[in-house]
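A short reminder: the numbers here are calculations on the coordinates, not readings from a lab. The structure presented is a predicted model; accordingly, all values stated were derived computationally and were not measured. Cβ: placed from backbone, ideal geometry, glycine included. Neighbour counts: every protein chain shown.
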Amino acid sequence: MPPTRQSNAERTRARNECRQRLSNHINQKLGLKIKPLDIRLNPRSTDPYSWNILAGNEESFQAIFAKNLSDHSIGIYRFLCREVGQTFEAVSSRPACSIGNPTPPMHPTPGPPISSLASHRPQLIRPDNSFGAIIEQLKRENMRLSQQLSELISQKEAELERRLALEEENGILHSKQQPLEEQVRHHASIAEHYKGVVSRCFSGLFPVLEDLRKGTLLEVSGGDEAIETNRQYYDYENA
């Protein structure tokens, strides 16, 4: 096969794969069945879908979405297949209806063709599952987590301050406790010394007290005998 024909065949295959990939994405995201051949980078006003570009990527896609899908190269087709659902997505172009009311019929209205990305700004369509809604939700979640982190840090700092204060107080009490323990040991040693002295004194007094007790008993016994002798003598003289 000549190189030109082979290149055209590869480009056709890449374009068909890109159309199929975008069609599958629309079906998965919106539940709409759009034929691959009907996929457009610049949807018409009657099409039920549009494209939403992730903020910060508009410049990269501006030139791509300004052209028809069939006018791009193999590299662009592969790029679109890779980035769909990542940096751009399909969003519904139909107005939201209340629950229980059917979707109103779409009536084509004449108007100029859409030829640029700016003419169909998909950012104007913000369904709940769009990139914008997801980013807003992530921002709120990030703010909530940041607040929780700030509160947790404050709690930990307060706990650290209390712990340091307790450690300082314990250190002061410990420094005061050591001299008191020394005093208690000193007074206990003195008390033990005097206890020994008193014990030795009592040990020396016990023999002396025993001798005194014995001497007192002898004196009492001798006095009784003298009284009895005098009484007998008195009785004899008076007889």
Hey, what D do you get for the range 21-74 in µm²/s if you plug the Kirkwood alpha-carbon radius into Stokes-Einstein at 20 °C and 1.002 mPa s? 176
Cα-based reach from residue 29 at 23 Å (exclusive), listing lysines while leaving out same-chain residues under 8 positions away: 139
Please go through the range 45-99 and write out the chymotrypsin sites (Phe, Trp or Tyr not before Pro) that DSSP classes as loop and that have at most 15 other C-beta atoms within 10 Å. none
Can you find, among 190, 202, 178, the residue farthest towards the positive end of the dipole of the range 152-214? Put +1 on the C-beta of Lys and Arg, -1 on that of Asp and Glu. 202
Quick check: Cα centre of the range 11-74 to Cα centre of the range 189-212, how many Å? 115
Given charges of +1 on the Cβ of Lys and Arg and -1 on the Cβ of Asp and Glu, with all other atoms neutral, how large is the dipole of the range 16-88 about its Cα centre, in debye to the nearest 20? 280
